[in-house]
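Participant: Okay, handing you the structure first.
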Amino acid sequence: MSRFHAVLFDMDGVLVDSEPHWNRFWREEVFADAERGTPSLDEVTGRNYRESLAEIAERYGLPESVDHYAARFDEASVEVYGETVELTPGIHDLFDEIRARDLRLAIVSSAPHDWIRTVVDRFDLGPLDTVVSAEDLDGPGKPAPGIYERAAADLGVDPADCVVVEDSVAGVRAAATAGATVVRFKRSETVPAIDGVDVLAETPGDLRETVLGLLDGE
């Protein structure tokens with residue numbers, strides 16, 4: 001019997017290859033408008049886009065309101081998630097293996113529920129035991145631990161009883177601070193180990209073996 005009770009997956013960069021699309025969008029649609037300084041992707045990756053926009057506007061200055069840029073993100077999301085992104089190979093099988101072990105399964109994402117729902121419906125990822133978005137929180141999103149603490153509470157488990165699959169630095173920090181065991185995996189590239197990462201998974205096949213190995217105590 002596994003010592004873990006749940007597996008929680010980030011969405012962007014883990015379940016789907018959306019990060020390159022959003023990286024380009026940030027550079028071309030937001031960073032290009034900065035009135036002073038040079039924003040970087042490190043400041044926004046893995047975080048709630050509205051929180052990041054507010055910080056970029058304060059730090060670098062933007063000619064339009066945060067709501068203006070947020071609306072452009074919402075418009076772009078329809079094509080990004082509805083048509084462009086592809087599911088990471090092997091995710092259906094991995095989800096089935098987790099369910100077969102009678103463990104809880106969740107998506108925990110900085111993205112809004114509408115974006116997550118599009119991915120879940122398009123790729124038939126249900127059933128899920130919970131879906132938690134940054135918009136569910138009263139406090140800050142990733143890298144703060146609240147989003148993973150909320151997901152664990154929704155599932156009726158302790159964060160220490162969860163395996164979390166994350167790609168971004170912000171996501172890793174959120175999960176590790178909450179007390180989860182963290183697997184770092186990024187769909188589009190190989191990422192290094194950083195503080196808070198327990199195991200690296202470099203390929204979709206490696207992700208499956210790594211997660212199942214943790215669940216089975218290997």
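The values are calculated or read from the model by the stated rules, or taken from the named source; none is laboratory data. Because the structure is predicted, anything quoted here is derived from the model rather than measured. In this analysis, Cβ positions are derived from the backbone assuming ideal geometry, glycine residues included, and neighbour counts consider all displayed protein chains.
Every residue, every condition in (1) of a type in the set (Asp, Glu); (2) farther than 19 Å from ILE91 by Cα, yes or no:
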site: ALA134; (1), (2): no, yes
site: GLY139; (1), (2): no, yes
site: VAL163; (1), (2): no, no
site: ARG173; (1), (2): no, yes
site: ALA178; (1), (2): no, yes
site: THR190; (1), (2): no, no
site: ASP206; (1), (2): yes, no
site: GLU209; (1), (2): yes, no
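Participant: Okay, moving on. Count, please, the residues in segment 153-200 that happen to be of a type in the set (Ser, Thr, Tyr) and in a loop (DSSP other than H, G, I, E, B). Before you say what the answer is, go through the steps one by one.
Facilitator: Filtering segment 153-200 down to residues of a type in the set (Ser, Thr, Tyr) leaves 168, 177, 181, 188, 190.
Imposing the further condition that a residue be in a loop (DSSP other than H, G, I, E, B) reduces the set to 168, 188, 190.
Result for segment 153-200: 3.
Participant: Tell me which residues, restricted to segment 148-173, are touching an Asp or Glu at 6+ places or on another chain (Cβ under 8 Å) and of a type in the set (A, V, I, L, M).
Facilitator: ALA152, LEU155, VAL164, VAL165, VAL169, VAL172
Participant: Oh, and also: Go through the residues of segment 89-106 one by one and say whether even a single one is in a loop (DSSP other than H, G, I, E, B) and closer than 25 Å to ALA70 by Cα.
Facilitator: No, there is no match, as no residue in segment 89-106 is in a loop (DSSP other than H, G, I, E, B) and closer than 25 Å to ALA70 by Cα.
Participant: Quick check, is SER168 within 15 Å of the chain's Cα centre (by Cα), under 23 Å from SER18 (Cβ atoms) and at pLDDT below 95?
Facilitator: Spelling it out, it is not the case that SER168 is within 15 Å of the chain's Cα centre (by Cα), under 23 Å from SER18 (Cβ atoms) and at pLDDT below 95.
Participant: Could you give every pair whose Cβ atoms fall below 8 Å, whose first residue belongs to segment 177-194 and is of a type outside the set (Gly, Ala, Ser), and whose second residue is loosely packed, with under 13 Cβ neighbours inside 10 Å, counting only separations of at least 6 or pairs across chains?
Facilitator: Filtered contacts from segment 177-194: ARG184/ALA193.
Participant: Going by what's in this entry, would GLY141 be described as buried (at least 19 other Cβ atoms within 10 Å of the Cβ) and either over 18 Å from GLY196 (Cα atoms) or out of contact with any Pro (no Cβ under 8 Å at 6 or more places or on another chain) (or both)?
Facilitator: Considered against the rule, which asks whether it is buried (at least 19 other Cβ atoms within 10 Å of the Cβ) and either over 18 Å from GLY196 (Cα atoms) or out of contact with any Pro (no Cβ under 8 Å at 6 or more places or on another chain) (or both), GLY141 comes out as yes.
Participant: Being more than 20 Å from the chain's Cα centre (by Cα), surrounded by fewer than 15 Cβ atoms within 10 Å (Cβ to Cβ) and among the basic types (Lys, Arg) is true for just one of ARG36, ARG24. Which residue is that?
Facilitator: So the residue among ARG36, ARG24 that is more than 20 Å from the chain's Cα centre (by Cα), surrounded by fewer than 15 Cβ atoms within 10 Å (Cβ to Cβ) and among the basic types (Lys, Arg) is ARG36.
Participant: Out of the residues in segment 185-197 that are charged (D, E, K, R) and within 17 Å of the chain's Cα centre (by Cα), state the one that is modelled with the highest pLDDT.
Facilitator: Checking each candidate, the answer is LYS186.
Participant: Suppose we filter segment 6-44 for residues that are touching a helix residue (DSSP H, G or I) at 6+ places or on another chain (Cβ under 7 Å), under 19 Å from ILE107 (Cα atoms) and not in a loop (DSSP other than H, G, I, E, B); how many remain?
Facilitator: Here the count works out to 5.
Participant: Any idea which of (1) of a type outside the set (Gly, Ala, Ser); (2) surrounded by 21 or more Cβ atoms within 10 Å (Cβ to Cβ); (3) within 22 Å of THR88 (Cα to Cα); (4) under 15 Å from the mean Cα position of the chain (by Cα) is the one ILE147 doesn't satisfy?
Facilitator: All conditions pass for ILE147, except number (3).
Participant: Any idea which of GLU97, GLU83, GLU58 is surrounded by fewer than 14 Cβ atoms within 10 Å (Cβ to Cβ), more than 20 Å from the chain's Cα centre (by Cα) and acidic (Asp, Glu)?
Facilitator: Values: GLU97 fails: surrounded by fewer than 14 Cβ atoms within 10 Å (Cβ to Cβ); GLU83 fails: more than 20 Å from the chain's Cα centre (by Cα).
Result of the check over GLU97, GLU83, GLU58: GLU58.
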